1. For the chain, modelled as a Gaussian network with Cα springs under 10 Å, which listed residue fluctuates most, P233, P274, P261?
2. Express in nm, to one decimal, how much length is gained between A258 and Y173 on full extension, taking 0.36 nm for each residue of separation and deducting their alpha carbon distance.
3. Along segment 123-138, what does the Karplus equation 6.51 cos²θ - 1.76 cosθ + 1.60 (θ = phi - 60°) give for ³J(HN,Hα), rounded to whole Hz, x for Gly and Pro?
4. Non-local amide H neighbours of F231 (under 5 Å, H modeled in plane, Pro and chain starts lacking H): which ones?
5. Do the alpha carbons of any pairs in K230/K306; K142/K205; K9/K205; K46/K90 sit beyond 23 Å of each other, and which pairs?
6. What FRET efficiency, computed as 1/(1 + (r/R0)^6) with R0 = 22 Å and r the Cβ-Cβ distance, is obtained for L301 and V83, rounded to the nearest 0.05?
7. For L97 and K142, FRET efficiency with R0 = 30 Å and r from the beta-carbon atoms, rounded to 0.05?
8. When ranked by the protection proxy of mean other Cβ atoms within 10 Å per residue, highest first, what sequence do the peptides 189-196, 16-23 form?
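The values are calculated or read from the model by the stated rules, or taken from the named source; none is laboratory data. Computed from a predicted structure; not experimentally measured. Neighbour counts run over all protein chains shown; Cβ positions are idealised from the backbone, glycine included. In case anyone asks, the SASA skips ligands and DNA or RNA and just uses the protein heavy atoms, side chains included. Shrake-Rupley method; radii C 1.70, N 1.55, O 1.52, S 1.80 Å.
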Amino acid sequence: MHVTETAEKIKRMEIRGAGRIARAAVEALIGHAAGLSAPDLPSFRKGMEEAAAALLATRPTAVSLPNAIHLVLTAMEDAGTVVEAREAVKSRGETFLRSSAEAVHRIGEIGAHHIVDGDTVLTHCNSEAALACILAAHRQGKEMKVFATEVRPGNQGLLTLRVLSDAGIPTHYIVDSAVRHFMSRIDRVFVGADAVTVNGAVVNKIGTSQVALAAHEARTTFIVAAETYKFAPRTILGELIEIEERDPGEVLSPTEAARLPHVRVHNPVFDVTPAAYVDLIVTEEGAIPPALAYLIIRDYLGWSLKEFHKTFLIDHRDQV
Ligand code: RUB
């Protein structure tokens, strides 16, 4: 698919979910590199960077998107010719696509260990990583009931219902505001992530932090399923994850809103769950407590503190 078309689909949420967004962007970059004719290497790199910028400008929150794009663009670093750069993008991109699919599968296997026969599990939004855990446990023959939320205003809960129903898993569908009412019946919550910060906070679909709060109150285990490329290196320097605000028309129809001149509608589509409410983060490299998030950034994304300070030219010595 063309970069512009992919970018439009991500913006309109026809392609959605952090993992899928990252994979679609990488596929678009591979396609762009294949069709990009440039007289020399600098022009080729520039063309790739412009395509990357268009993809990055789509949605600001899912860190999988900049992480995947960074991975693909840095593949061109050692290239000496346009042909080599094109090949490097293809090879790195295809490796990412493969490892991303494998990561979801592996997360499912690891996450399923944390589901016990007879469990009632709650999930919020539509996360392929979180669902991978539930589906893997189901394949292992564990009896489960799942509560799935509606997820206002995008109704991603419907997508989740289809997956669960296709697998034959008994499912209860509830509105978002019913989560606390049912929490005492829930053994484990599984959600995905759009970003995990260095201090183990989890950014995910709006409402996740309320689910976490209710789980914390009821002493229900709260588990996050997140590939390593959802971890956000730049939070090392205290950078905050931007929370996307979408069109208020998704919440209240413009016709209705026009009748209410004193009303302002807000539509933040993600929120931040503090690490204190997260029991476990399941990655493809293993499950970790949120306090160990930095190790993922250092050991699997390759950002040591030293590397970070070198790259971003931070020198605190002149500030003393
Ligand atoms: C999707 C969402 C998902 C995460 C993880 O939000 O918050 O929970 O992206 O999904 P939206 P996955 O529908 O606004 O994109 O595990 O599939 O990457």
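1. So, out of P233, P274, P261, the one fluctuating most is P261.
2. 27.4 nm
3. So the Karplus estimates, Gly and Pro as x, are 10, 10, 6, 10, 10, 5, 5, 5, 5, 4, 5, 5, 5, 5, 4, 5 Hz.
4. Those qualifying (amide H under 5 Å, at least 5 residues apart or on another chain) are V196.
5. Values: K230/K306 21 Å; K142/K205 27 Å; K9/K205 19 Å; K46/K90 17 Å.
Distance filter (> 23 Å) returns K142/K205.
6. Numbers: r = 29 Å, r/R0 = 1.31.
Taking R0 as 22 Å, the efficiency between L301 and V83 is 0.15.
7. For K142 and L97, the calculated efficiency is 0.50.
8. Working: 189-196: 28.5, 16-23: 22.4.
Ranking, from highest mean packing down: 189-196, 16-23.
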